[in-house]
Amino acid sequence: MRRELCIGVDLGGSNLRFALVDRQGRVLARSAEPTLPAAGLDSLLRRLLSRVERLQEEAARIGAPLAALAVGVPGLVCSDGVVRASVNVPALEGVPLARELSVATGMPVAVLNDANACALGEQGYGAGRGYRSLIALTIGTGVGSGLILDGKLWTGVDGAAGEFGHIPVEPEGRPCGCGSRGCLEQYASAGAIARDGEDAAAVARRARLGDAAALAAFAEAGRYLGIAAAGVVNLLNLEAVILCGGVAQSFDLLAPALRRELVSRTFSFSGGRVHVAPGELGDDAGVLGAAVAAFGTVF
């Protein structure tokens with residue numbers, strides 16, 4: 001049987017990650033570099049295509065056909081492959097990225113939201129294996145999510161579903177960059193946990209040393225995550241909630257309050273059965289999920 005390969009790209013606000021992946025989720029080659037969003041679109045596309053070309057050459061060296069390319073990006077990506085909004089990489093806004101990359105590479109190309117890529121990665125190769133309905137929460141600079149329903153990624157009528165971070169949890173709460181108020185992202189992201197200039201990792205270190213204020217910051221974030229997750233579980237009767245992203249490395253600090261709110265705000269038969277777990281793929285979740293999407297474009 002032929003060994004098909006795809007390229008998965010995780011285009012983040014800080015880092016560009018690339019991987020050459022086979023259908024079993026094995027990474028055969030990888031590379032990374034800073035995204036440098038301030039350098040503009042031309043620079044970004046030039047560097048992205050240069051890395052893709054190197055992986056094409058590696059696939060040729062291995063002697064396996066390269067089937068497709070997929071890119072996960074931070075922002076709203078509609079079903080036509082156009083990036084409609086990207087706060088962290090504003091140069092991508094309005095760009096028909098799937099078409100641009102397909103023309104440049106000669107390959108089928110899929111472009112998807114980065115949290116959706118994470119959900120596909122965890123379902124295919126990580127903590128979501130065995131579940132047909134789950135939500136993967138990406139908790140970092142913002143709060144995103146990818147929904148898997150009946151075994152398939154759910155993206156909504158326009159491709160923009162899964163904006164979990166903009167569920168309102170405080171009707172008259174903190175202003176959000178999306179133009180609304182009281183969004184979950186303002187209470188459960190890395191910035192929300194570290195509101196006094198520290199980064200979230202430093203707050204986590206203090207929490208594990210018993211610092212009361214740091215413990216309270218994670219408990220509050222977990223509580224708000226649980227409130228929002230409860231609404232989604234009540235609506236969709238999910239099997240699992242998977243926490244991914246940088247802040248999810250502090251799963252042990254978030255989970256008790258999250259689980260408490262989730263159970264207390266859901267029906268016992270649905271909330272009681274939901275599996276809450278940390279992601280297993282770490283920084284590879286995005287590239288592996290993008291690879292899943294790439295394989296899906298051709299198989």
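For residues that are outside any strand (DSSP E or B), out of contact with any Ser or Thr (no Cβ under 9 Å at 6 or more places or on another chain) and closer than 23 Å to Ala39 by Cβ, tally how many sit in segment 73-86.
Going through segment 73-86 one residue at a time, the tally reaches 1.
Taking segment 269-289, which residues are over 17 Å from the mean Cα position of the chain (by Cα) and in contact (Cβ under 8 Å) with a residue 24 or more places away in the chain?
Ser270, Gly271, Arg273, Val274, His275
Okay, residues lined up against (1) in contact (Cβ under 8 Å) with a residue 12 or more places away in the chain; (2) closer than 17 Å to Arg260 by Cα; (3) open to solvent by less than 20 Å² (accessible area, probe 1.4 Å):
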position	(1), (2), (3)
Cys178	yes, no, no
Glu198	no, no, no
Gly226	yes, yes, yes
Gly231	yes, yes, no
Ala240	yes, yes, yes
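Quick check on segment 111-133: of everything there that is modelled with pLDDT of 95 or more and farther than 15 Å from Ala285 by Cα, which residue is surrounded by the most Cβ atoms within 10 Å (Cβ to Cβ)?
Across segment 111-133, the extreme among qualifying residues is Val111.
Do we find a residue being assigned to a loop (DSSP other than H, G, I, E, B), open to solvent by 50 Å² or more (accessible area, probe 1.4 Å) and aliphatic (A, V, I, L, M) anywhere in segment 34-45?
Yes - at least one qualifying residue is present in segment 34-45.
Can you tell me which condition Ile139 does not meet? The list is (1) closer than 22 Å to Asp284 by Cα; (2) open to solvent by less than 20 Å² (accessible area, probe 1.4 Å); (3) at pLDDT 95 or above, and all the others hold.
(3)
So is Arg265 modelled with pLDDT of 95 or more, surrounded by fewer than 20 Cβ atoms within 10 Å (Cβ to Cβ) and farther than 26 Å from Ala285 by Cα or not?
Yes: the conditions hold for Arg265.
Hey, Arg61 hits all of (1) in a loop (DSSP other than H, G, I, E, B); (2) open to solvent by 50 Å² or more (accessible area, probe 1.4 Å); (3) out of contact with any helix residue (DSSP H, G or I) (no Cβ under 7 Å at 6 or more places or on another chain) but one; which does it fall short on?
For Arg61, the exception is condition (1).
Out of all the residues in segment 4-18, which are outside any loop (DSSP other than H, G, I, E, B) and more than 16 Å from the chain's Cα centre (by Cα)?
Leu5, Cys6, Ile7
Have a look at Ala19, Ala70 and point out the one that is open to solvent by less than 50 Å² (accessible area, probe 1.4 Å), under 21 Å from Ala293 (Cα atoms), out of contact with any Lys or Arg (no Cβ under 6 Å at 6 or more places or on another chain) and among the small types (Gly, Ala, Ser).
The conditions single out Ala70.
Among Gly271, Gly245, which is buried (at least 19 other Cβ atoms within 10 Å of the Cβ), at pLDDT below 95 and on the phi > 0 side of the Ramachandran plot?
Selected residue: Gly245, the only one of Gly271, Gly245 that is buried (at least 19 other Cβ atoms within 10 Å of the Cβ), at pLDDT below 95 and on the phi > 0 side of the Ramachandran plot.
Would you mind telling me which numbered condition in (1) open to solvent by less than 70 Å² (accessible area, probe 1.4 Å); (2) farther than 20 Å from Gly162 by Cβ Val292 fails?
(2)
Would you check which residues across segment 36-62 are of a type in the set (Val, Ile, Thr) and at pLDDT 95 or above and list them?
Val52
Looking at segment 162-180, is at least one residue within 22 Å of Ser86 (Cβ to Cβ) and among the β-branched types (Val, Ile, Thr)?
Within segment 162-180 (the criterion being within 22 Å of Ser86 (Cβ to Cβ) and among the β-branched types (Val, Ile, Thr)), the answer is yes, since at least one residue qualifies.
For the list (1) over 30 Å from Pro65 (Cβ atoms); (2) in a loop (DSSP other than H, G, I, E, B); (3) open to solvent by 50 Å² or more (accessible area, probe 1.4 Å), I need the number of the one condition that Glu280 fails.
(1)
The values are calculated or read from the model by the stated rules, or taken from the named source; none is laboratory data. All values derive from a computational prediction rather than experimental measurement. Neighbour counts are summed over all protein chains in view; Cβ atoms, including those assigned to glycine, are modelled from backbone coordinates with ideal geometry. With ligands, DNA and RNA removed, areas are computed over all heavy atoms of the protein, side chains included. Shrake-Rupley method; radii C 1.70, N 1.55, O 1.52, S 1.80 Å.
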